[in-house]
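Here's the structure we're looking at; comments come further down.
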Ligand SMILES: C[S@@+](CC[C@H](N)C(=O)[O-])C[C@H]1O[C@@H](n2cnc3c(N)ncnc32)[C@H](O)[C@@H]1O
């Protein structure tokens with residue numbers, strides 16, 4: 001890998017650890033993790049809005065199998081957090097996105113892995129979508145825990161500043177000054193403090209100004225639990241420098257990677273769901289990146305050449321897919337593009353070819369149809 005290259009890894013993120021550490025230890029500016037929340041649910045794919053084409057219609061995107069004993073979830077999370085800590089640069093930051101189910105356990109775990117001194121923030125992402133139960137206060141927020149590799153780290157508040165008027169207002173007196181600017185003021189110890197509405201401020205730790213994606217949102221890819229780009233935009237702008245390196249090891253539909261690409265950061269993504277990889281490939285079809293499928297591997301990426309070039313079509317074609325026992329039970333079948341992933345049904349990811357591939361009518365390729373080299 002060369003500096004500035006982007007990498008997408010298909011497979012379990014812990015299995016990818018040797019590969020990642022051999023090339024990126026201490027070099028990642030920002031890691032965002034949005035793992036399964038321990039819901040115990042299976043998440044099917046949905047057709048994207050506008051009747052677009054789902055990559056695996058009516059099939060599962062992924063199964064969240066971490067409900068029940070919190071220890072199981074923490075045992076899953078801990079080595080992955082250690083991996084993240086080792087990937088982060090000395091000024092790097094981790095954002096871990098969870099909800100009420102496991103956030104309290106995860107915070108203690110993060111204190112252990114990163115050290116309490118490296119705690120930076122507990123962000124409440126408050127949204128209004130979904131129904132409201134009658135017998136309880138509705139669950140309407142997720143929690144994003146923020147830890148630094150070290151107590152001091154990169155943070156660009158100016159890059160995420162918002163007009164004060166959209167930040168929370170309080171009951172301060174409102175007035176207009178001699179130049180027509182509105183402000184709120186407060187008197188303390190004989191002095192007047194003015195807060196102008198048009199001044200920009202760093203958002204506080206409760207984010208209510210970013211909504212969930214609604215059902216028909218054009219951003220939707222059909223991948224369940226997809227997060228809004230606006231959320232990732234704020235995180236990336238605040239905690240990664242322009243040209244820096246961003247990683248998302250549970251990348252799902254590739255939201256973090258798409259935002260990183262747009263904002264001029266280079267990126268590393270990983271997901272074990274074939275649907276996630278396929279949707280991410282579509283979403284980033286115009287970006288140059290290396291698609292890595294051979295896991296496990298301790299091979300350094302140092303000698304690998306990235307593929308470049310724009311996408312021509314949005315199908316994923318692979319030459320070699322390693323068996324991944326972590327995917328046992330996934331049901332996923334792709335429209336054939338050189339390979340289908342029927343093997344996920346029984347945990348065997350060896351390529352199953354469609355009739356024309358079996359008949360040798362379609363040549364084997366070492367890059368996908370977007371021109372991304374298949375490692
Ligand atoms: C909540 S979703 C991420 C959604 C993503 N943030 C987005 O905007 O689309 C969690 C993802 O973690 C993936 N995942 C779960 N366990 C994994 C593992 N061990 N290695 C890699 N990916 C995993 C699932 O396949 C799923 O895509």
Worksheet item: Taking Cα pairs under 8 Å and at least six residues apart, what relative contact order does the range 162-201 come out at, in percent?
Response: 44 percent
Item to complete: For each of 191, 173, 140, count neighbouring Cβ atoms within 10 Å of the residue's Cβ, then give the residues from fewest to most.
Response: 191, 173, 140
Worksheet item: How high is the relative contact order of the range 1-155, given as a whole-number percent (alpha carbon pairs under 8 Å, six or more residues apart)?
Response: 25 percent
Worksheet item: Taking neighbour counts of Cβ atoms within 10 Å as a proxy for exposure, in what order, fewest first, do 283, 194 appear?
Response: 194, 283
Worksheet entry | Residue exposure sequence - 178, 199, 272 - by fewest surrounding Cβ within 10 Å | 178, 199, 272
Discussion item. For the range 162-201, compute the orientation-averaged projected area of the C-alpha convex hull (one quarter of its surface), in nm².
Written reply: 3.0 nm²
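Values in this text are rule-based calculations from the coordinates and carry no lab data. Bear in mind that the values here come from a model prediction, so they are computed numbers and not experimental data. Using ideal geometry, Cβ is built from the backbone for each residue, glycine included, and neighbour counts are taken over all protein chains shown.
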